[in-house]
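Notes for the one structure printed next.
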Amino acid sequence: MRYQYWNERMETLPREQLFTHQVELLKWAVENALRTPFYKERLKKAGVNTPDDIKSLDDIRRIPFTTKYDLRDGFPYGFVSVPKDDIARLHASSGTTGAPTTIYYTKDDLTRWANFMARSIYATGCNKSDVFQNMITYGLFTGGLGFHAGAEEVGMLVIPSGAGNTARQFRLMRDFGTTVLHATPSFLLHVESKMREEGFSLNELRLRKAFAGAEPYSEDTRRRIEELLHIDVYNSYGLSEMNGPGVAFECQCKNGLHLWEDGYFGEIINLDTLEPAPDGEVGELVITCLCREASPILRYRTRDLSAFYPEPCACGRTHRRLHRITGRTDDMLIINGVNLFPSQIEEVIMSMKEVGNNYLIVVEKEGVLDRLTVKTEVGPDVFWDDARLLNALKEKIRKTLQASISINPRVELHENGSLPVSEGKAKRVIDSRPKDV
Ligand code: DLL
């Protein structure tokens with residue numbers, strides 16, 4: 001396969017040269033950080049008084065971690081390094097608890113971000129002849145405007161459709177010959193279900209690729225979307241604190257996400273020791289933003305679980321790849337003492353053909369015990385009136401899950417299209433157990 005590069009020199013830079021470049025960028029990031037109220041104090045305490053205190057990449061470990069709580073405490077301007085007049089835009093993460101996290105961008109920051117987005121999109125084999133339908137929320141969420149800017153930079157025809165309204169999405173796809181989609185994986189699955197329900201034929205469309213991200217999903221879910229929509233699906237990772245999408249992205253090899261190391265310095269740390277984990281070992285991803293002036297964030301604990309693939313990628317890019325995010329340090333459920341990540345359940349059920357495109361995990365207290373219920377829709381080919389068949393299917397799902405997660409769940413089957421759908425990030429877990437205080 002011939003691979004295309006947006007910035008060939010930078011994407012294939014030998015690693016030694018990449019390290020040298022990263023040291024320069026890290027110094028710049030520290031210089032910016034020293035201008036913010038938060039880091040001025042934090043870095044001085046750690047003995048980092050000037051950018052010249054950073055001499056090699058190892059020196060990054062002199063910098064303390066930054067957490068979500070630090071960002072909240074610094075709300076709204078504790079992390080800003082430029083005068084207000086130089087700020088061109090802000091984005092904010094929804095933040096289900098407490099104050100939202102707000103990120104600021106100068107005009108140059110926006111240009112740099114758009115470039116990383118363009119690089120990501122181009123790495124998947126898209127180009128200016130593509131028609132791009134951006135089916136994700138615009139506004140304070142970074143997914144809409146982030147992808148929008150990158151796709152324009154590539155020169156694609158951009159349809160800023162936003163999330164929701166599946167009927168209008170189909171019309172747009174058909175009328176304008178959309179070739180590339182962007183959405184959360186759960187919304188892509190929903191779109192496919194609705195298409196079938198409303199009798200839209202894929203033959204009327206010219207779809208060839210989709211970018212799916214903003215929430216965790218399994219390899220089986222990717223495969224399912226690819227098979228149902230007859231397209232290639234690329235995993236896209238990012239977070240507001242690191243600009244938004246465009247932090248790490250799959251190339252055409254679809255085997256791990258390249259972390260753009262000339263914009264983001266990544267570390268995987270062991271959750272117990274907080275020391276660097278060896279390549280290949282799963283730990284928490286910590287990222288330092290090397291490409292933003294207005295809101296510098298150093299050594300941010302993302303809470304996302306991943307690992308580095310040490311081997312070089314066949315595409316020729318030298319930027320290391322991350323394993324798809326398997327969960328977050330804070331989404332682990334403990335059910336009667338057994339640890340469980342929601343992704344383990346998704347992995348099992350999405351590989352079963354009879355299971356539909358949507359599911360929900362419910363955890364409740366029953367007496368002194370925890371009770372796990374997995375609600376899944378059945379696939380469109382399963383006959384809803386056949387009670388015997390449904391019971392057999394329920395039993396099959398229960399047994400397969402139990403063998404895989406060592407917990408005996410209750411399984412509930414729901415009719416195709418009947419479980420609640422979110423246009424943005426899917427809410428997969430309802431945990432109604434009383435919280436310990
Ligand atoms: O979700 C940015 C984004 C927009 C990424 C569009 C990709 C596409 P936040 O709302 O701040 O930003 O949420 C960031 O979402 O820490 C992960 O836990 C999760 N996440 C994002 N992408 C992926 C992915 C955007 N590909 C949080 N796989 C992150 C798994 C993901 N989880």
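Based on what the data block shows, is Ile297 assigned to a loop (DSSP other than H, G, I, E, B), open to solvent by 10 Å² or more (accessible area, probe 1.4 Å) and within 16 Å of the ligand (Cβ to nearest atom)?
Numbers: assigned to a loop (DSSP other than H, G, I, E, B): yes; open to solvent by 10 Å² or more (accessible area, probe 1.4 Å): no; within 16 Å of the ligand (Cβ to nearest atom): yes.
Spelling it out, it is not the case that Ile297 is assigned to a loop (DSSP other than H, G, I, E, B), open to solvent by 10 Å² or more (accessible area, probe 1.4 Å) and within 16 Å of the ligand (Cβ to nearest atom).
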Tyr138 passes all but one of the listed conditions (1) out of contact with any Gly (no Cβ under 9 Å at 6 or more places or on another chain); (2) surrounded by fewer than 18 Cβ atoms within 10 Å (Cβ to Cβ); the exception is number (1)
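Looking for something within 17 Å of Ile334 (Cβ to Cβ) and touching a Pro at 6+ places or on another chain (Cβ under 9 Å) - is there at least one such residue anywhere in the range 374-393? Full working, then the answer.
In the first step, residues of the range 374-393 are kept if they are within 17 Å of Ile334 (Cβ to Cβ); the result is 374.
Adding the requirement that they be touching a Pro at 6+ places or on another chain (Cβ under 9 Å) leaves 374.
For the range 374-393, residues within 17 Å of Ile334 (Cβ to Cβ) and touching a Pro at 6+ places or on another chain (Cβ under 9 Å): present.
So which residues in the range 216-237 are within 8 Å of the ligand (Cβ to nearest atom) and open to solvent by less than 30 Å² (accessible area, probe 1.4 Å)? Before you say what the answer is, go through the steps one by one.
If we filter the range 216-237 for residues that are within 8 Å of the ligand (Cβ to nearest atom), which is where we start, we get 216-217, 235-237.
Result: Tyr217, Asn235, Ser236, Tyr237.
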Checked against (1) open to solvent by 50 Å² or more (accessible area, probe 1.4 Å); (2) among the small types (Gly, Ala, Ser); (3) free of Cβ contacts under 8 Å to residues at least 60 places away in the same chain, Ser306 satisfies every condition except (1)
Of the residues in the range 195-215, those that are closer than 16 Å to Asn134 by Cβ and either open to solvent by less than 20 Å² (accessible area, probe 1.4 Å) or assigned to a helix (DSSP H, G or I) (or both) number 5
Reported set for the range 221-256 where residues are out of contact with any helix residue (DSSP H, G or I) (no Cβ under 6 Å at 6 or more places or on another chain) and in a helix (DSSP H, G or I) is Arg222, Arg223, Arg224, Glu226, Glu227, Glu241, Met242
In the range 389-437, residues that are at positive phi and either in a helix (DSSP H, G or I) or of a type in the set (A, V, I, L, M) (or both) total 0
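Is the range 120-140 home to any residue that is under 29 Å from Arg42 (Cβ atoms), touching a helix residue (DSSP H, G or I) at 6+ places or on another chain (Cβ under 8 Å) and either assigned by TED's automatic domain parsing to the domain that holds Leu26 or β-branched (Val, Ile, Thr) (or both)?
In the first step, residues of the range 120-140 are kept if they are under 29 Å from Arg42 (Cβ atoms); the result is 140.
Those left that are additionally touching a helix residue (DSSP H, G or I) at 6+ places or on another chain (Cβ under 8 Å): none.
No, there is no match, as no residue in the range 120-140 is under 29 Å from Arg42 (Cβ atoms), touching a helix residue (DSSP H, G or I) at 6+ places or on another chain (Cβ under 8 Å) and either assigned by TED's automatic domain parsing to the domain that holds Leu26 or β-branched (Val, Ile, Thr) (or both).
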Residue hits (the range 320-347; in contact with a Ser or Thr (Cβ under 9 Å, 6 or more places away or on another chain) and away from the ligand (no atom under 15 Å from the Cβ)) are Val338, Leu340, Ile345
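Only one of Lys84, Lys44, Lys40, Lys128 is open to solvent by 30 Å² or more (accessible area, probe 1.4 Å), within 30 Å of Met173 (Cα to Cα) and among the charged types (D, E, K, R); which?
Details: Lys84 fails: within 30 Å of Met173 (Cα to Cα); Lys44 fails: within 30 Å of Met173 (Cα to Cα); Lys40 fails: within 30 Å of Met173 (Cα to Cα).
The conditions single out Lys128.
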- [ ] Within the range 88-104, identify whether any single residue is in a loop (DSSP other than H, G, I, E, B), open to solvent by 10 Å² or more (accessible area, probe 1.4 Å), in the same structural domain as Asp175 (by TED's automatic domain parsing) and modelled with pLDDT of 95 or more, and answer yes or no.
- [x] yes
The residue that is nearest to Ile349 (Cα to Cα), considering only those in the range 405-421 that are open to solvent by 60 Å² or more (accessible area, probe 1.4 Å) and of a type in the set (Gly, Ala, Ser), is Ser406
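Kindly check whether there is at least one residue in the range 237-252 that is over 30 Å from Ala29 (Cα atoms) and touching a residue at least 40 places away in the same chain (Cβ under 8 Å). Quick ask: steps written out before the conclusion?
Of the range 237-252, the ones over 30 Å from Ala29 (Cα atoms) are 252.
Add one more test, that the residue is touching a residue at least 40 places away in the same chain (Cβ under 8 Å), and what stays is 252.
Yes, the range 237-252 has at least one match.
The values are calculated or read from the model by the stated rules, or taken from the named source; none is laboratory data. Note that this is a predicted model, so its numbers are computed, not measured. For neighbour counting, all protein chains shown are included, and Cβ atoms are generated from backbone atoms with ideal geometry for every residue, glycine included. Note: areas computed on protein heavy atoms with side chains; ligands, DNA, RNA excluded. Shrake-Rupley method; radii C 1.70, N 1.55, O 1.52, S 1.80 Å.
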